[in-house]
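Asker: Encoded as structure tokens, here's the structure I'll be asking about.
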Amino acid sequence: MSIGPFCNRDTATVYREASIPEAAKIMRQWHVGCLVVVENSERGVKPVGIVTDHDLVIEILATELEPGAVTVGDIMSINLLLAREEDGLWETLHRMKSKGVRRVPVTDADGCLAGLITLDDLLDRLLSEFSDLLKICDLEQHRDSGRP
């Protein structure tokens, strides 16, 4: 099972030149805790980093930096873990675990941003699938017991 169908295609993005207040406003507008930092390419936008609400707190607020004097590119994570749409679900989960990341930009065959997969999204989806499997087991047990 590939990761493509699991990723959120409606992904909040920002350019590295954006100011910190600008990034915070986008996060608030989209109700998200991270933005994929992108740059333009001939075929679309390519992910080059990620910035989280945690980054804003730790790198800006906690150090008492002036938010307007810093750009997203100054604080974004550049050791970016990426997944391709065709990557396997379990392979991607394993890579997320080994790198200790909760959010992974997903790219298409051209390396352009196709979406974002988050640990929370995966957990919701997997729990829903497991719940459906449990219902099947319950129905089978009910049927096998001879009860109507």
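No lab work stands behind these numbers, since they all come straight from the coordinates. Just so we're clear, the structure is a prediction, and the values are computed from it rather than from any experiment. Here the Cβ is made from the backbone with ideal geometry for all residues, glycine too, and neighbour counts use every protein chain on show.
Asker: Is it fair to say Val45 is of a type in the set (A, V, I, L, M, F, W, C), touching a Phe, Trp or Tyr at 6+ places or on another chain (Cβ under 8 Å) and not in a loop (DSSP other than H, G, I, E, B)?
Answerer: Working: of a type in the set (A, V, I, L, M, F, W, C): yes; touching a Phe, Trp or Tyr at 6+ places or on another chain (Cβ under 8 Å): no; not in a loop (DSSP other than H, G, I, E, B): yes.
Answer is no for this residue.
Asker: Could you check, for segment 108-125, whether at least one of its residues is under 26 Å from Pro21 (Cα atoms), hydroxyl-bearing (Ser, Thr, Tyr), buried (at least 16 other Cβ atoms within 10 Å of the Cβ) and within 18 Å of the chain's Cα centre (by Cα)?
Answerer: yes
Asker: Tell me which residues, restricted to segment 116-148, are on the phi > 0 side of the Ramachandran plot and either touching a residue at least 40 places away in the same chain (Cβ under 8 Å) or outside any loop (DSSP other than H, G, I, E, B) (or both). Please lay out each step first, then the result.
Answerer: Here is the first cut: in segment 116-148, the ones on the phi > 0 side of the Ramachandran plot are 146.
Across segment 116-148, there are no qualifying residues.
Asker: For the structure I just gave you, tell me whether Ile60 is in contact (Cβ under 8 Å) with a residue 40 or more places away in the chain and of a type outside the set (D, E, K, R). I'd like the intermediate steps shown before the answer.
Answerer: On the way: in contact (Cβ under 8 Å) with a residue 40 or more places away in the chain: yes; of a type outside the set (D, E, K, R): yes.
Spelling it out, Ile60 is indeed in contact (Cβ under 8 Å) with a residue 40 or more places away in the chain and of a type outside the set (D, E, K, R).
Asker: Please name all residue pairs, on different chains or six or more residues apart, with Cβ atoms under 9 Å, provided the first residue is in segment 35-53 and is without any contact (Cβ under 8 Å) to a residue 12 or more places away in the chain and the second residue is buried (at least 16 other Cβ atoms within 10 Å of the Cβ) and in a strand (DSSP E or B).
Answerer: Pairs that qualify, where the first residue is without any contact (Cβ under 8 Å) to a residue 12 or more places away in the chain and the partner is buried (at least 16 other Cβ atoms within 10 Å of the Cβ) and in a strand (DSSP E or B), are Asn40/Tyr15; Asn40/Lys46.
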